[in-house]
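All of the numbers you see were taken from the coordinates with simple rules; none came from a lab. Note that the coordinates shown come from a computational prediction; the quantities given were computed from them, not determined experimentally. Counting neighbours? That spans all protein chains shown, and the Cβs are built from the backbone with ideal geometry, glycine included.
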Amino acid sequence: MTTPDSLSATRQLDFRDPRPPRQLQHLLERELMVLLPATVGEAPLTCRGVVSVNGALCQVVLRFVAALPRTNAYFLELTMTWADLPPEHHDYCRRTSAAWFDLWTRAFTAAPPVSASEGSAARYAELAAPVTAAAADPDGMEAVQREILAALRAGASFSTAHKEGGTHISWKTGAFVRQDHGESDARETFGEEADFLRFLRRFYDWETSRNHPPGKPPSESDRWQLILRLLQR
């Protein structure tokens, strides 16, 4: 809970979810538009990242607590600080921090905490393995690009929406297509993969960098990982 003098705010949430930790990691990365890599060798499995929100910084911690018989137990902690912002911004951050926390946790329902001993150690190890493997050996940029292209050809797509309309990006009749709707009905067709990938990178340039801390832009490989998170399968 914040006070009139607070320079930070924290939200902690124990929750249950049947989805594996890799899927929840990707869900949060899509929501926050920052990567949340796991720390190799850390137990319990923990994913971390930092999100920039109007100049304030929020440390995100997702912890896989236990693999229960029909679901999984997780712990999420969000700690936002605005101590480095000018004093005139502090009141705004105090008033809006809870709204950001509500937005980012809206898909989860609080549940009583449990201990790791209440779950299956074998199932925990099985579910945690893909996350730790990806952290130890992340996919390179070219591999991610190939995955995006293959997914589009298999029927996946990208979509954006705003008050003036939006854009749909997909594979149709042998080509990659960008189709606007709303105020604009512009259409672009890309027959060559290289041309399409250059377009896609430009199209998501702002989206893949907007929530990163100032002075710490994402690498090209990280940008493509974030573009992959935006893919609708």
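Summary of computed values
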| read-out | value |
| --- | --- |
| GNM flexibility winner over the chain from 32, 103, 24 (Cα, springs under 10 Å) | 103 |
| Between 0 and 90°, nearest 10: helix 90-104 axis offset from the chain longest Cα axis | 70 |
| Estimated translational D of the stretch 8-136 in µm²/s (Stokes, Kirkwood radius over Cα pairs; 20 °C; 1.002 mPa s) | 139 |
| Highest average packing first - 17-23, 180-186, Cβ atoms within 10 Å | 17-23, 180-186 |
| 0 to 90° range, to nearest 10: angle between helix 193-203 axis and the chain longest Cα axis | 50 |
| Dipole axis of the stretch 8-136 (+1 Lys, Arg; -1 Asp, Glu on Cβ), positive-most option in 85, 125, 101 | 125 |
| Kirkwood-based shape ratio for the stretch 141-229, expressed as Rg/Rh from alpha carbons | 0.98 |
| Residue exposure sequence - 115, 97, 157 - by fewest surrounding Cβ within 10 Å | 115, 157, 97 |
| The chain pair-distance distribution - Cα-Cα, 5 Å bins, rounded % | 1, 6, 12, 15, 15, 15, 14, 11, 7, 3, 1, 0 |
| Within a Gaussian network of the chain (alpha carbon springs, distance under 10 Å), most fluctuating of 203, 64, 101 | 203 |
| Between helix 220-229 and the chain: long-axis angle, C-alpha atoms, 0 to 90°, nearest 10 | 90 |
